[in-house]
1. On the protein heavy atoms, probe 1.4 angstrom, tell me the percent of accessible surface of the range 1-102 carried by carbon and sulfur.
2. Separation between the GLU142 and GLU101 pseudo-spin-labels, each 7 Å from Cα along Cα→Cβ, expressed in nm?
3. With the other protein chains left in place, how much accessible area per residue, in square angstrom, belongs to the range 44-101 at a 1.4 angstrom probe?
4. Compute the signed sum of charges (Lys and Arg +1, Asp and Glu -1) over the other residues within less than 11 Å, Cβ to Cβ, of SER35.
5. How many nm separate the modelled label positions at SER47 and ASP63, each set 7 Å beyond the Cα in the direction of the Cβ?
6. How much net charge surrounds ASP73 when only the other residues with a Cβ under 14 Å from the Cβ of ASP73 are counted, with Lys and Arg +1 and Asp and Glu -1?
7. Filter the GluC sites (Glu not before Pro) in the range 1-85 down to the DSSP loop ones having no more than 13 other Cβ atoms within 10 Å, then list what survives.
8. What net charge is computed for the residues neighbouring LYS56, neighbours being all others with C-beta under 10 Å from the C-beta of LYS56, Lys and Arg scored +1, Asp and Glu -1?
Amino acid sequence: MAVGLRQFTQRTGDGAGEPILDTENGEELIRVQPSVSIVVGTRAPESPGTLYITSKQVVWLSDVDRAKGYAVDFLSLSLHAVSRDPEAYPSPCIYTQIETEDDDEDVDEGSDNESVEALDLSKVTEMRLVPSDASQLDNLFEIFCECAELNPEPIEEEEEGHNWVFSADQLENEGTGEDPGWHFFQDPTNPIGHSNGDNDLANNVLRLQINDQRFEDAEEMEQENESDHQ
């Protein structure tokens, strides 16, 4: 489940430091971009900091306040793009949309006058990264794309229950009894299945097939008789 934007304060080293990564689970540092401002929601830009792009997440750390930092997993980023339209935002930037648990609700992302502490980061749905060197935007965008590919959406398991769509292998298993949980008709052109004990469904379908065949035979005989009289 997407966790959205969150505070990040895990640093190592002197000065501004660097983010502590989850190297035990394979997280790697991909790119470091200095002098980047971050815009959270509709708030004013933060003072420039350093952007760290890893194989799993995007981390921004303030250069002046070690207690200030933000992070978002690539799995939580539903969109990222290069924005150079001054009508959309005054400065060229990387624009991102963030999935949250409250996507279906009205979210108040705060005003410029609110403190960071009062802002619920888990409800923020937009983030902009504004590098002082706008020529780096395309390169940053490509790295975002590469890292997004490293973090595909997990495939959710299908809910348990009867599945009325069967594969060719399942149809072949009917005759060998390899799949005892389902019975299938021999005719693969009519791949209708039913669970054990559902004999009424099977018998009704079988009757329909027999009646259809008789109807087709009657039509053929009628056409032959008409041909003989002509």
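The values are calculated or read from the model by the stated rules, or taken from the named source; none is laboratory data. On a predicted model such as this, the values are computed, not experimentally measured, just so you know. Counting neighbours? That spans all protein chains shown, and the Cβs are built from the backbone with ideal geometry, glycine included. Heads up: the accessible areas ignore ligands, DNA and RNA and are worked out on the full protein's heavy atoms, side chains in. Shrake-Rupley method; radii C 1.70, N 1.55, O 1.52, S 1.80 Å.
1. Carbon-and-sulfur percentage of accessible area, whole number: 47.
2. 3.9
3. Numbers: 2460 Å² over 58 residues.
Value for the range 44-101: 42 Å² per residue.
4. -2
5. 1.1
6. Numbers: positive: ARG6, LYS56; negative: ASP22, GLU27, GLU99, GLU101, GLU153.
With Lys, Arg at +1 and Asp, Glu at -1, the neighbours total -3.
7. For GluC sites (Glu not before Pro) across the range 1-85 that sit outside H, G, I, E and B with at most 13 neighbouring Cβ atoms in 10 Å, the list reads GLU28.
8. That sum, taken over residues with Cβ under 10 Å, equals -4.
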